[in-house]
Amino acid sequence: MIGLMPWAMVAQSESEPEPEPREAFPLSCLEGLTAAPGFPIVEVQVNIHFVGPANNNFIPDDINDPNDDNEPLLDGFWNGNLAARAMLERANLIMSDLKDNPLGFADFLGDSRIRFKLYSETTNASDVYGGIWYRQTSPDVATLPYGNKVIHIIVKDAVTTVDGQACQTGLLCNHLSLFNWHSRLVNGPNFEDDWYGGAVFMAKAFVHEIGHITGLCHSFNIDSQCSIDLDIAAECNIPGAPGGGTCGDQGCNNGASISTNIMGYNGRSSSLSPCQWKIYYGRLLQGTVDMGKRPEYVKLSGCEDTGALPPITISSGSSGTTTTWSSPQVIGGPVIVEANATLVINCVHFFGKYGNIQVKRGGKLKVIGGALMAACGEPSWEGIFVEGNAHEIQPDPEAEVTMTADWLSGVVYLDGAYISGAYTAVNTWKYGQLGNSDYWGGVVYAKASTFENNRRGVAFMPYSGDNQSAFKNGCLFRENDDLIEGTRGVSIWGCTGIDFTGNFFKNLDLAGIYGIDFGATNITLNRFENCYRAIEIYSTLPISAYQFRIGDKPEYRNRFLNNANAGIYVESSNRLSSLQVFNNYFEASGHCVYVDGPAKYDIRYNTFKESAYGLHAIKTGSDDNRLWCNAIRYPGSYGTYLNRNNRGLELKYNVYAGTATFRDNTIVGSTMNPNDTGEIFSSQGTDSDPADNCFSAPNKAFGTIGFMTPFDYYVPFGAINTTQCNVLPTALPSGITLEFTTDIGGNDCDNEDLPELPVFTKPELDLARQEASQAEAAWQNHPGNNAYNNYQQALRQKNTILQSLLADALDAQNYTTAATLLAEEGTPEAQQWLLNVKLLAKDFTGAQLVWNALPTASQDEQWFRDIMEVNLQRLQNMGTFSLSVSQTNTLYTIANSESPYRSYARSLLVLLKEDRFPLDESEEEAPLAESPHPPQTAQVQIPEQEYKIAPNPASTTVQVRYPADASTVAMPKQLHLVNLDGLILKQITLDNSGLHEFQPYYLSPGIYLLRITDKTGILYQTKLVLLP
């Protein structure tokens, strides 16, 4: 029985705290620097707002008259555009050539690597003057265009004795004021009485106020953070009375001193001390500790292409040598850590275009509290390459290198590290030899480390042994401010055992964890937020030795929040051991769990809240699949959306709470072909164990679209619906039979621990085969629901035992035993799996013989054979294989078909072409308020056969045929071509000819959505595949 399921009724914590904000590197790394050649330029984006009557007597020039650009006066008013540009030009001159200060103990000299730049967006029609604005009254900064993308400089006349005022000191806020620019131009004898003199003066005030924003106090302040290299008393210029308390004047007379410090009140601002530069530059570069990231208004730029510099080699003797880098460097070439050597980095290092770190076999890189950052904008450097040995066990990453072992995998050990601006932060292969599979398998062990603004955080190549790599204790994978296209956290190919515990994946364009043919048994306590897809799983083969577990006990739950497309996205899974999704929390995701293609899965104790779909399953097949003990909380469209053959799926003990847009469970079949039905397990519950779901409403339990295979649904004798649980469904579609039974179990959802995997023996398999055969015979002799259900239960038990024994055999690499078990089955599927076993055993001769004998009676069987031909060639040529044009076309054809095997074709295209595929869209049923019984046919405005796209796939010309009649004139149709990110790439109005042709030469190969709409909505939609 389901009981009250208190775990489902209590709102579980949706929000876990963010990782503790941390600096990319301690500012002490920059201590004492007096120059910074080659450091990245931090570019501060600004807007300038002239405010007041007649805009403070500043007016814009005529953007259509180039003669106005350099005219200081326009009809008696000052040219605001020219003044603003001149002020920034002068500010950049100051910051690009810092001078010595006659009063300073030490000076930072030369280029500060800080610049200022006007920011505008061409799409903003109101931004006429490129980031320069004219306003009658002081604006509310919170409402200004571009928000935190810029520092807003408010220029106005005011009754004040100060020249400027920062919003706050040290908080990296986004605005400041400059006062009395115009009145000083007219009346002020304190500086050159001309327009450029005003710009010069305001530039000095401007860089001074930016200094406050970064956290600098006045140079004469007794509490200055930089008393180490500032002569506070001399800066104050009042004997015996240095300033104190705050960043204010405090009675000093700095303006009359000979100081040139930017943070003083003098008119000769041109210098910073090393300590001041450290704070000014460092805060702009990495933000404050509380922010934990660079301000949005700062971008990195500037890097001279000097070519690759000679390598830096970290070598060692026979006993092992450790080299430590504790001072910042600019790296313009490779750093090579040789066998038996250890390089420790605990400060910031900037990498140019040709910079990288290569960790050789037997070598070790340790970044402990240090930072590796791009010197040339993001992304722009090559990252770390750590060599592995695909044929040997991996070393313990926490052990020190003590002896020569140039055959061991190299190790990258990160503790409190920060890596940003790389194409891939850490690569697990030999530099320059991606295809050399002998060197795959490098180790990456990270704790409390940040991977920020890299196109990819870490990339793993295939390694068949126990993997020592791990990410623990609050590692953060993040993209800030949508700077980079195509970001992802960790990508994995052909590995198992990588540990993900207590990490954060945030704002990633593609995925947090993304993998092909991989396994992971410890993905716990992680938070995936604002990613397109949180976890992506692809399988190119039906079976493997890999296991997959996402979540564990309740205290180890993962949280999936606001992931636009999917929380967990699966293109087939290993069919020998279940994909286990236990005790996770999903909120505001497009799809919480999406599974396409043959798969084995067990989904329990999860919360699915306010998401479009809880589980979306498409042709997952007849394996023992379970959706048990989950809480689905609306609003949302569907609890489950089950498309076509999901014959093995049981829906038991779930709670559906709130108001569903459609129904709790929607079963979808073809609307045209009665042999292509929506199907779940034939017996939802048994005669001793009812399904015991609590529905959101009795009449919302089940809905159907198209044809459906009948099934029995079991409820307890005497069941009644209560405010706590609607256990008794009503208004059931035709084909669902309600069966009543006695519930002899306890609370089915009491134990939230992972179930122990049963251990089976070969005699048990033999007995199960016999019982399944007998049950099939009984059903054929006496057709009926009970006999059919008994046969399905016996078949499921036999398959479960077979899958368990096969998994044990593959885990032990006992391929002969696995082959024998499959040969005894004698089914077409067993023949397919036998080919799979031969491929895993690298018995390519045997695999070819099995492939030759694969059945080809149906189109799906022929396509499976085509897919496996690619796998056979690929696995014989690991690292060097590439698809032929013919193979590419075939895979795209399968990938865009309705075949259950399309998931394997898609996985191969993801692996070999880095392509991506959209989710299947639902064929929406009518909401309950409109139709008390779900429709049995799809609602289509115009039959799809009246539309035709050819050829598809296409490479040159695409022809689009559509219905052409008088309605096309009265209600014009629009054609839209949309990429997978939802961006409309082509949009035209169709004429009345019924035919439109276009050449997609300007588009990259891949998958697009082609839609035809009118003002009533979408008339037709299909996938269009463009070939190279």
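The values are calculated or read from the model by the stated rules, or taken from the named source; none is laboratory data. In this text the structure is predicted, and so the values were computed from the model without any measurement. Here Cβ is always computed from backbone atoms with ideal geometry, including for glycine, and neighbour counts include all displayed protein chains.
Couple of notes before you dig in:
- Of all the numbered requirements in (1) of a type in the set (D, E); (2) part of a loop (DSSP other than H, G, I, E, B); (3) at pLDDT 90 or above, D750 misses one, and that requirement is (3).
- Given (1) within 27 Å of the chain's Cα centre (by Cα); (2) surrounded by fewer than 19 Cβ atoms within 10 Å (Cβ to Cβ); (3) outside any helix (DSSP H, G or I); (4) not hydroxyl-bearing (S, T, Y), index of the condition L912 fails: (3)
- Test: M868 is of a type outside the set (D, E), within 24 Å of S464 (Cα to Cα), at pLDDT 95 or above and within 32 Å of the chain's Cα centre (by Cα): yes
- All positions within the range 215-239 that are more than 14 Å from C252 (Cα to Cα), in contact (Cβ under 8 Å) with a residue 40 or more places away in the chain and surrounded by fewer than 23 Cβ atoms within 10 Å (Cβ to Cβ): G215, Q225, I228, D229
- Meets criteria (closer than 29 Å to N675 by Cβ and within 25 Å of the chain's Cα centre (by Cα)) for I632: no
- Considering residues of the range 448-458 that are under 14 Å from the mean Cα position of the chain (by Cα) and not β-branched (V, I, T) only, the residue surrounded by the fewest Cβ atoms within 10 Å (Cβ to Cβ): R455
- The one condition from (1) out of contact with any Lys or Arg (no Cβ under 7 Å at 6 or more places or on another chain); (2) within 25 Å of N92 (Cβ to Cβ); (3) not hydroxyl-bearing (S, T, Y) that I357 does not meet is (2).
- Residues that are within 26 Å of the chain's Cα centre (by Cα) and outside any loop (DSSP other than H, G, I, E, B) were ranked within the range 272-288; the one that is modelled with the lowest pLDDT is Q286.
Okay, residues lined up against (1) at pLDDT below 90; (2) surrounded by 21 or more Cβ atoms within 10 Å (Cβ to Cβ); (3) polar (S, T, N, Q):
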residue	(1), (2), (3)
Q793	yes, no, yes
A818	no, yes, no
A830	no, no, no
K842	no, no, no
V850	no, yes, no
S858	no, no, yes
F881	no, no, no
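- Pairs, first assigned by TED's automatic domain parsing to the domain that holds I988 and surrounded by 14 or more Cβ atoms within 10 Å (Cβ to Cβ) in the range 959-974, second basic (K, R) and modelled with pLDDT of 75 or more, C-beta under 7 Å, six or more apart: R961/K948; Y962/K973
- Flag for A405 being part of a strand (DSSP E or B) and hydrophobic (A, V, I, L, M, F, W, C): no
- Qualifying position, being modelled with pLDDT under 90, of a type outside the set (D, E), touching a Leu at 6+ places or on another chain (Cβ under 9 Å) and in a loop (DSSP other than H, G, I, E, B), among Q225, Q168: Q225
- Within the option set L806, L757, being among the hydrophobic types (A, V, I, L, M, F, W, C), in contact with a helix residue (DSSP H, G or I) (Cβ under 8 Å, 6 or more places away or on another chain), crowded, with 19+ Cβ neighbours inside 10 Å and within 30 Å of G551 (Cβ to Cβ) holds for one residue only, L806.
- Scanning the range 468-480 for residues that are under 30 Å from A812 (Cα atoms) and surrounded by fewer than 24 Cβ atoms within 10 Å (Cβ to Cβ) gives Q468, A470, K472.
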